[in-house]
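Notes follow once the structure below has been shown.
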Amino acid sequence: MDSVTHDHLQALCSDLLQIIGEDIRREGLRDTPKRWADFWQEFMEYDAGNSDTTFEAVSADQLVTVSDIQVISLCEHHLLPFTCTISIAYITKEKVLGLSKFARIAQHHAHKLQLQERLCQDIAGDIVRLAETPDVAVLGIGSHMCMEMRGIKQSATMRTSVMLGAFRTEGGARDEVLQLWRMKG
Ligand code: ZN
């Protein structure tokens, strides 16, 4: 993000504050446009680091699961945050992904305007590509400020799952992972 964009963001924030009736000269708000622009810069330019290191699988057809990766993203409908707990499962073929990569992949896709459904799909797509397996499942359990601060103002949990390859068919790997995620029996 260049300084022109940062300046533009600050100007937008000053406008917003005035539109909602605030006095932008009062002490608490004096640096708010700068802080707000800094936030957007940090959010959009976040670098999750290298996520494509893979190892040769010791044996194929193992079910690998990684649970409880916490991310915070921004809902593209309301520009309000949502938190999401991500669990990932895949069946190994030739490649195994390093453990730290899952969190990086999740963080990478969380740092843009998102929908929870697409966040899970984006993560699943990366695992398919990097682990070179069609068998990937991703579960997201989200809590959305746009639901909790607006409308009926109730806290609610939203679950979205993406089931690809072997996880699409009833039984077998699908049952195993759904049980692990306590979504079944
Ligand atoms: Zn929303």
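Yes/no matrix, rows are residues, columns are (1) surrounded by fewer than 18 Cβ atoms within 10 Å (Cβ to Cβ); (2) in the same structural domain as Val66 (by TED's automatic domain parsing); (3) within 26 Å of His108 (Cα to Cα):
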site	(1), (2), (3)
Asp126	no, yes, yes
Ile141	yes, yes, yes
His144	no, yes, yes
Gly151	yes, yes, no
Val162	no, yes, yes
Thr169	yes, yes, no
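For the range 108-135, give me the residue count where each residue is within 16 Å of Phe82 (Cα to Cα) and without any contact (Cβ under 8 Å) to a residue 12 or more places away in the chain.
First pass over the range 108-135, keeping only residues within 16 Å of Phe82 (Cα to Cα): 108-120.
Now narrow it down to the ones that are without any contact (Cβ under 8 Å) to a residue 12 or more places away in the chain: 118.
So the count comes out to 1.
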Practice task
Please specify each residue of the range 13-31 satisfying the condition of being without any contact (Cβ under 8 Å) to a residue 12 or more places away in the chain, surrounded by 14 or more Cβ atoms within 10 Å (Cβ to Cβ) and among the hydrophobic types (A, V, I, L, M, F, W, C).
Solution key: Leu16, Ile24
Fill in the blank from the handout: Here the qualifying pairs (Cβ atoms under 6 Å; residues six or more apart or on different chains; first in the range 136-148 and in contact (Cβ under 8 Å) with a residue 24 or more places away in the chain and under 14 Å from Gln121 (Cβ atoms); second within 10 Å of the ligand (Cβ to nearest atom) and outside any strand (DSSP E or B)) come out as Gly140/Gln116; Gly142/Gln116
Practice task
Output the residue which, of all residues in the range 72-99 that are in a loop (DSSP other than H, G, I, E, B) and within 16 Å of the ligand (Cβ to nearest atom), is nearest to Asn50 (Cα to Cα).
Solution key: Glu76
Exercise for the section: Please tell me if Ala106 is modelled with pLDDT of 95 or more, closer than 22 Å to Trp40 by Cβ, within 16 Å of the ligand (Cβ to nearest atom) and surrounded by 21 or more Cβ atoms within 10 Å (Cβ to Cβ). Expected result: no
Fill in the blank from the handout: Picking from Val64, Val96, Val71, the residue that is modelled with pLDDT of 95 or more, more than 21 Å from Gln10 (Cβ to Cβ), assigned by TED's automatic domain parsing to the domain that holds Ser161 and in contact with a strand residue (DSSP E or B) (Cβ under 6 Å, 6 or more places away or on another chain) would be Val71
Fill in the blank from the handout: Scanning the range 27-61 for residues that are outside any helix (DSSP H, G or I) and at pLDDT 95 or above, the one nearest to Pro81 (Cα to Cα) turns out to be Asp31
Practice task
For the range 118-151, name all the residues that are on the phi < 0 side of the Ramachandran plot and within 12 Å of the ligand (Cβ to nearest atom).
Solution key: Gly142, Ser143, His144, Met145, Cys146, Met147, Glu148, Met149, Arg150
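The values are calculated or read from the model by the stated rules, or taken from the named source; none is laboratory data. Note that the structure is predicted; figures quoted are calculated from it, not measured. Here Cβ is always computed from backbone atoms with ideal geometry, including for glycine, and neighbour counts include all displayed protein chains.
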